[in-house]
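The values are calculated or read from the model by the stated rules, or taken from the named source; none is laboratory data. Just so it is clear, the structure is predicted and the values come from calculations on it, not from any experiment. Note: ideal-geometry Cβ built from the backbone for every residue, glycine included; neighbour counts use all protein chains shown.
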Amino acid sequence: MTQPSKLATMLSFVDTFWMQTMRERERAWHKEADRQERDAIHTDFRHRATGPQLPPPGEWLTWLFLGGRGAGKTRAGAEWVRHRALRTVSRIALVGPTFNDVREVMIEGPSGLKHLGSAMERPRYEASRKRLVFPSGSQAYAFSAEDADGLRGPQFDYAWGDEFAAWPDPQRVLDTLRMGVRLGGAPRILLTTTPRPIPALKALVKAWDPRGPIRVTHQPTAANAANLAPGFVEALNAAYGGSMLGRQEVEGLLIDDPDGALWTRPKIEAARLAAGQMPELDRIVVALDPPATGGPRSDECGIVVAGAHGEGPARIAVVLADLSFGPALPADWAARAASAFDDYSADALIAEANQGGEMVRSVLQAAAPGLPVRLVHASRGKRARAEPVAALYAAGRVRHARPFPALEDQMCAFGAPDGPKSSPDRVDALVWAISDLVLGRTGAPRLRRL
C-alpha cells in the first residue's frame, strides 16, 4: 500500500485547518449578526410598542394619545419625534406645561429623547438655545405652554405636545402651534396626555374621525405594566379602581358630564361609602328592568340591588350591586335576577312590566317559583320618575357601596339633551329600587303584587 507523501499530508492538514477556521468564522459572523439583530430589535421601539403607541395609519394632521399615568405616553411621543428626526432633516417643536417639564420629562427623563436609541443616534442638548441637535441635523426646540406667544414666528415640520390637558390655556397654545407647523410635505402634531374634561380636549375627541385629520388612540396604565414597578398597577386599582379619579388617571378615560344631566360625577363621588361604613339594612330589594326583546340587538337588562335603613327623613338607601348585562335572553335575565335575590337575601324583586307584561311574570316564575315578585307599571316618563331619586342623591340620602362605572356613566348622561340615545336600563332599575326603598308608595310608581 502506497503511503501518502509529506506534501499530501501537509495539504490535507491545511485543508482541514482552513475548513475549521471558516466554520469558526461563519459561526462568529452569525453570532455577531444575531447580536446586531437583537440590538436592533431592542432599540427599535416598533418591535415592542403596543398598538396605541404607534402612529395611526393614513394621512392625518393631529394625533391625540390618551393614556393613564405610566401608560407609555412619553415614550410614544419621544420615539415618534426620534423617528422623524433621524429619517429626514426636520425642525420640531417640543411643548410641555412648563419649560421645566419639557427638560425634565420630554428631554432628560427616563423615556426622554436623550436616552433613546443607540449612542450614535442620540441628540445633544444645547441648554443656551433650548434645543436638541440630532446627528442627522434635525433640531428640536423646547417651548413652555405658559408662553403661547413664544410659538409665534418659528416654523416647524412636526410638534409634540405633552400633557396637553395640563396646559394653562390649551386651546390658545394649540391654535398658535398649528399655525407654526407648516414645513415639509406632511406637517403633523402629536399630543400626549392623561385626559381631563376640559373644553379643548373634548373638542379634539369630538372631532375624531378614523379617516379625518384628527386621530385618537388610548391606552390604560395596565397595558404598560411590564415597564412599571411590580405591584404598581395593582396598588392603583386597589386605591382608585372604578372611581372617577381612577378611571381618568389609571384607565385614561375622558370622563365628562353632559349639560342637563340629573347626576354629576362630584355628587356620585360624594355618595360613595368608605370602607367599614356599611350600615345595618332593614330592607333589600332587587330591581329589574327587562329589555323589550331578547335578540342579539336587544337593549341591556337593568338589574340593581339596593338596601335601606332608618325612618322618615333620615331613611338612607345604599346601592349594593349593578348586575346589569346585555344583550340578554329572557331565561338569562330571569336567572340572574333570581340569583341576586338569593345572594343578597333580598325582601322583594321588583320588575318593570310596561314592555313585557305577562311575559315578565311567566319568565320569573319559571326561573324561581315562589319569589316575592312585584310588577311595576310606569305611568310617567323616565325623567319625571328619576327626578325625585336624583333629589335624594342631592340631599345625601343615597349612598354607593362601591364604584359602579357603567351605572354611574349612565347616570351622568341621563336627562342631557346630547346624551346617549340608547335606553338607560341601569338607571331605570336604580330608580325603581330607590323609589321602593325610600319614597315608598307616596310618589312612587303603582305596585302590583303577583
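Within the range 218-246, if we keep just the residues that are modelled with pLDDT of 90 or more and under 23 Å from Ala406 (Cβ atoms), the residue that is surrounded by the fewest Cβ atoms within 10 Å (Cβ to Cβ) turns out to be Glu234. Considering only residues in the range 195-207 that are in a loop (DSSP other than H, G, I, E, B) and in contact (Cβ under 8 Å) with a residue 60 or more places away in the chain, the one that is farthest from the chain's Cα centre (by Cα) turns out to be Pro197. Screening Arg380, Arg315, Arg297 for residues that are basic (Lys, Arg) and modelled with pLDDT of 85 or more leaves exactly one candidate, Arg315.
Only one residue in Arg46, Arg87 is surrounded by fewer than 17 Cβ atoms within 10 Å (Cβ to Cβ), out of contact with any strand residue (DSSP E or B) (no Cβ under 6 Å at 6 or more places or on another chain), of a type outside the set (S, T, N, Q) and closer than 26 Å to Lys130 by Cα. Which one?
Among Arg46, Arg87, only Arg87 is surrounded by fewer than 17 Cβ atoms within 10 Å (Cβ to Cβ), out of contact with any strand residue (DSSP E or B) (no Cβ under 6 Å at 6 or more places or on another chain), of a type outside the set (S, T, N, Q) and closer than 26 Å to Lys130 by Cα.
For Arg69, the criteria (1) outside any helix (DSSP H, G or I); (2) at pLDDT 95 or above hold in every case but one, which is (2). Taking first residues from the range 223-248 that are in contact (Cβ under 8 Å) with a residue 12 or more places away in the chain and partners that are of a type in the set (S, T, N, Q) and surrounded by 16 or more Cβ atoms within 10 Å (Cβ to Cβ), the Cβ contacts under 6 Å between residues at least 6 apart in sequence or on separate chains come to Val233/Thr221.
Take the residues in the range 251-277 that are part of a loop (DSSP other than H, G, I, E, B) and loosely packed, with under 15 Cβ neighbours inside 10 Å; name whichever of them is modelled with the lowest pLDDT. Break it down into steps so the answer makes sense when it comes.
To start, the set of residues in the range 251-277 that are part of a loop (DSSP other than H, G, I, E, B) comprises 251-264, 271, 273-277.
Still in the running and loosely packed, with under 15 Cβ neighbours inside 10 Å: 259-260, 273-277.
Values: Asp259: 76, Gly260: 80, Leu273: 92, Ala274: 85, Ala275: 80, Gly276: 82, Gln277: 86.
Here the answer is Asp259.
For the range 168-194, a tally of residues being among the small types (Gly, Ala, Ser) and part of a helix (DSSP H, G or I) returns 1. Tell me whether the range 56-77 contains one or more residues that are touching a strand residue (DSSP E or B) at 6+ places or on another chain (Cβ under 6 Å), under 23 Å from Gly150 (Cα atoms), buried (at least 23 other Cβ atoms within 10 Å of the Cβ) and assigned by the TED database to the domain that holds Lys130. Within the range 56-77 (the criterion being touching a strand residue (DSSP E or B) at 6+ places or on another chain (Cβ under 6 Å), under 23 Å from Gly150 (Cα atoms), buried (at least 23 other Cβ atoms within 10 Å of the Cβ) and assigned by the TED database to the domain that holds Lys130), the answer is yes, since at least one residue qualifies.
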